[in-house]
Amino acid sequence: MKAIDFSQERYRRIRERFEGWWNGTNRTPIIGASIRERAPQGREPTVPYLSQATVDLETPVDKILDSIEYELSQYEFYGDAFPFYNMDAFGPGLLAAFLGAKLDNSTGRVWFHRQEEVAPENLHFQLKEDNPWLQRVISIYKGANERFEGLVRFGMPDLGGILDVLSTFYPGEELLLLLYDDPENVKRLSNELCEVWHKAYDLIAKAARFDQFGYTDWSGIYSTKPSYVIQCDFSYMIGNDMFREFAEPGLRYQCKKLDRTIYHLDGINELQHLDTLLAIEDLNAIQWVPGEGQKPVDEWPEVYRKIADAGKGMQFLCWGMDKFAGMIEKIGNAGKFLYQYNYCAYPAESKATVLKCLKKLGVEK
């Protein structure tokens, strides 16, 4: 019995299904499920499964891959699911570490902190390919290619939004004040970050051989062309006028630079920017997250209806296939929906329920 129960033949169907979602030609939603129902293969790993609490610069890559293979060997993949490892273990906004910020995971979660205060007029962003964190993630992709030969898709790390990364170097209220006090340097630094963001993306994509195996990121969405979940969490704190002045140009640049993009709409205060985002022709889809303390994601049909009416795709981020099915019944446009999956596996005892839901949604098991 091979360690991971999947094949390149099955990837042919995965490619067709996801291409249909990107192109808007699917009649059924993208939805898959990984179910933990196999006995683990091989020896139990000697290092923990890679997470924000365990990322470092020293653990041998082969040991990291042992733990990932051991975990995935226990899964069966149904519907549109495929073997996937989420490289968001290195934290949200990893580009900051590539640019010299300190990566701190001492609390069990990754945070980034500037090493020193630099006045905006004196700060310039340049990506050095010998950066230890950049080389660390590249070494994992290269090791994964040798081990799995494309059978396991490793997502692009969470590089972060342009203004989100900038806020690492000007934290708290500093960046908000700079929008008023020094807008030209904010725009210059944002442009520099756009350039180094895409340089980092290209370096990682090359190491991961995404052009051969397919592109994916922390969302788990598969694409045959360069794709990414772009974002601007910082925009939660600014009005739409400032969003259009400081954030929209970079987002439009990324939508042009990448073949396919999804926007991570995070929190109710970002809803004020939705019309601006929907007007970006090159943006393919929206991923809506209401945020802590708000109504659950399945209680926002008006948001999904607006996105669907604009002709965009939607990723539904909610743990509950029944809620997903309910939203489709309310909105229609089933082929434009994609369900959160690949984040974690269902327990074996839920298999009958999961497969019943897949059948109801018209997705092959």
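With protein chains left intact and a 1.4 Å probe, residues in region 215-312 average 38 Å² of accessible area per residue. Comparing Leu159, Pro132, Gly143 along the charge dipole axis of region 89-173, the residue lying farthest to the positive side is Gly143, per the Cβ-charge model. Within the shell of other residues whose beta carbon sits under 12 angstrom from the beta carbon of Trp21, the net charge comes to +3, with Lys and Arg scored +1 and Asp and Glu -1. Springs between Cα atoms under 10 Å define the GNM used for the chain, and in it the highest mean-square fluctuation of Asp217, Asp158, Asp62 occurs at Asp62. Can you tell me which aspartates and glutamates have their Cα less than 13 Å from the Cα of Lys356? Leave out same-chain residues fewer than eight positions away. Correct list for Lys356: Asp322, Glu364.
Projecting label points 7 angstrom from Cα along Cα→Cβ for Asp182 and Leu355 puts them 6.1 nm apart. Give me the lysines in straight-line cross-link reach of Lys295: C-alpha distance below 19 Å, same-chain residues under 8 apart excluded. Cross-link targets: Lys306, Lys323, Lys330. Within the straight-line cut-off of under 22 Å between alpha carbons, the lysines reachable from Lys206 are Lys128, Lys142, Lys225, Lys256, Lys257, sequence neighbours fewer than 8 places apart in one chain being disregarded. Among 349-362, 248-261, sorting by the average number of other beta carbon atoms lying within 10 angstrom of each residue, highest first, gives 248-261, 349-362.
The values are calculated or read from the model by the stated rules, or taken from the named source; none is laboratory data. Being a predicted model, the structure only gives us computed values, none of them experimental. When we count neighbours, we look across all protein chains shown, and the Cβ atoms used for this are built from the backbone with ideal geometry, even at glycine. Accessible surface is based on the protein model in full, side chains and every heavy atom, while ligands, DNA and RNA are left aside. Shrake-Rupley method; radii C 1.70, N 1.55, O 1.52, S 1.80 Å.
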